[in-house]
Amino acid sequence: MGLGLLHFDGRVVDDDGLPLLESDDGEELMHVEPGVAIALGSQPMESPGTLYVTSRRVIWLSDADKGKGYAVDFLSLSLHAVSRDPETYPFPCIYTQV
């Protein structure tokens, strides 16, 4: 896997919408959080999707566009924090620096 934020469109073909994991390398699904919107930099917020936390990375898959998703491995996250300050961002969010 490369470093940084990567486009991700790997979904299991049995229509459950789960991301394809690198199970041969021991990657396991740890947590699923539906209804998560994502905003990248100064771009507008994406439509809600589902956030998957695995043993190796964070994956976000759009609910509206089944071909859209992003993945970032934990080694590429240099900073993360929870923000509830409406002057920083209009909604509570998890801030990450990739």
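Annotations for the structure displayed:
- Added length on full extension, which subtracts the Cα-Cα distance from 0.36 nm per residue, residue 98 to residue 63: 10.3 nm
- Peptides 39-49, 82-92, ordered by how many other C-beta atoms sit within 10 Å of their residues on average, highest first, read 39-49, 82-92.
- Total formal charge among the other residues, if their Cβ is under 11 angstrom from that of residue 27, Lys/Arg +1 and Asp/Glu -1: -3
- Potential lengthening of the chain between residue 78 and residue 39 amounts to 12.3 nm, from the contour at 0.36 nm per residue minus the alpha-carbon distance.
- Treating each Cα of the chain as one equal point scatterer and applying the Debye formula with no solvent, the log10 of I(q)/I(0) at q = 0.15, 0.23, 0.25 Å⁻¹ comes out as -0.61, -1.40, -1.59.
- Fully extending the segment from residue 27 to residue 87, taken as 0.36 nm per residue of separation minus the present Cα-Cα distance, adds 17.9 nm.
- Phi angles across the stretch 43-58 convert, under the Karplus curve 6.51 cos²θ - 1.76 cosθ + 1.60 with θ = phi - 60°, into 3J(HN,Hα) values of 6, x, 5, 6, 4, x, x, 10, 9, 10, 10, 10, 6, 10, 7, 10 Hz, Gly and Pro given as x.
- Excluding ligands, DNA and RNA, the accessible surface per residue across the chain is 67 Å² with a 1.4 Å probe.
- 3J(HN,Hα) from dihedral phi, the stretch 79-88, Karplus parametrisation 6.51/-1.76/1.60, rounded to Hz, x for glycine, proline: 7, 8, 7, 8, 10, 10, 7, x, 7, 7
The values are calculated or read from the model by the stated rules, or taken from the named source; none is laboratory data. All of these numbers come straight from a predicted model, not from anything done at the bench. Cβ sites come from the backbone with ideal geometry, for glycine too, and all protein chains shown count toward neighbours. Protein only, heavy atoms only, side chains kept; ligands, DNA and RNA dropped before computing areas. Shrake-Rupley method; radii C 1.70, N 1.55, O 1.52, S 1.80 Å.
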